[in-house]
1. Compare 20, 68, 45 in a GNM of the chain, Cα atoms joined below 10 Å, and give the one with the largest fluctuation.
2. For the chain, what does -39500 (n - 2.57) per DSSP helix run (n ≥ 4), summed and divided by total residues, give at 222 nm, in deg cm²/dmol to the nearest 500?
3. Quick one: 135, 111, 80, fewest Cβ neighbours within 10 Å first, how do they rank?
4. Calculate the FRET efficiency for residue 57 and residue 29 from the Cβ-Cβ distance with a Förster distance of 25 Å, rounded to the nearest 0.05.
5. Quick check: convex hull over the Cα atoms of region 8-90, volume per residue in Å³, rounded to an integer?
6. Using Cα atoms only, what is the angle between the long axis of helix 63-72 and the major principal axis of the chain, expressed in degrees (0 to 90) to the nearest 10?
7. Compute the normalised compactness of region 62-105: alpha-carbon radius of gyration over 2.2 N^0.38 Å, N being the residue count.
8. Between residue 104 and residue 140, what is the label-to-label distance in nm when each label sits 7 Å out along the Cα-to-Cβ direction?
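Computed from the coordinates by the stated procedures, all read-outs in this text should not be read as laboratory data. As the structure is a computational prediction, the values presented were derived from the model and not from experiment. Ideal geometry is used to build each Cβ from the backbone, glycine not excepted, and the neighbour counts take in all protein chains shown.
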C-alpha cells in the first residue's frame with residue numbers, strides 16, 4: 001500500500017505571519033533550512049517597505065532563526081521554497097520526490113501564488129499532524145498526496 005507522504009492545501013491570500021503558521025507544527029529547531037525562490041515582502045504598519053523577509057545571505061539558516069524571523073515580522077508571502085536538513089553540510093537542491101527520497105532532506109515546503117502550499121515529509125506522524133493542523137486553521141482544500149502520485153513526478157517543489 002502506498003503511504004500518504006505529502007499534503008496540498010491553500011492558505012489565505014493576505015498579509016500576516018503565514019510562514020510562521022506553516023512551520024509551527026514542525027520541530028523546526030531540529031533542522032537546517034534552505035530558503036529558495038522566495039518573494040516575501042515585509043510590511044510595517046500595513047505598508048510595504050521595499051524589503052524582503054529573508055536577506056540574500058540568509059539562504060541556509062538554523063530552524064530557531066527561521067522561526068524567529070517568521071514570527072516577529074508581518075509580511076506578504078508570494079512564494080517560497082523551504083527544505084529541512086538534519087545537517088548544514090547535507091543541504092542540496094531537491095526538486096522531485098525521487099530526489100527528496102534519496103537526499104537528507106526531511107521536509108520540503110513550497111508556497112506558490114500567495115496561497116498554494118505543497119508539503120512533503122518523511123515522517124508519517126508529522127504528515128498526519130500537519131494535516132490536522134491545516135484543517136484546524138481553516139485552510140482550504142487540504143488533501144493527502146500518496147507516494148505513488150509523487151513518484152509519477154506530477155508534483156514538484158521548485
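1. Among 20, 68, 45, the largest GNM mean-square fluctuation belongs to 45.
2. Numbers: 5 runs with 40 residues, N = 158.
Value at 222 nm, helices only, nearest 500: -7000 deg cm²/dmol.
3. Details: 135 11, 111 26, 80 21.
Sorted ascending by nearby Cβ count, the order is 135, 80, 111.
4. On the way: r = 21 Å, r/R0 = 0.83.
Once the sixth-power term is evaluated, E becomes 0.75.
5. Details: hull volume 8.0 nm³, N = 83.
Hull volume normalised by residue count: 96 Å³.
6. Here the helix axis deviates by roughly 40 degrees.
7. Values: Rg = 12.9 Å, N = 44, 2.2 N^0.38 = 9.3 Å.
The reported ratio for this selection is 1.39.
8. Output for this residue pair reads 4.0 nm.
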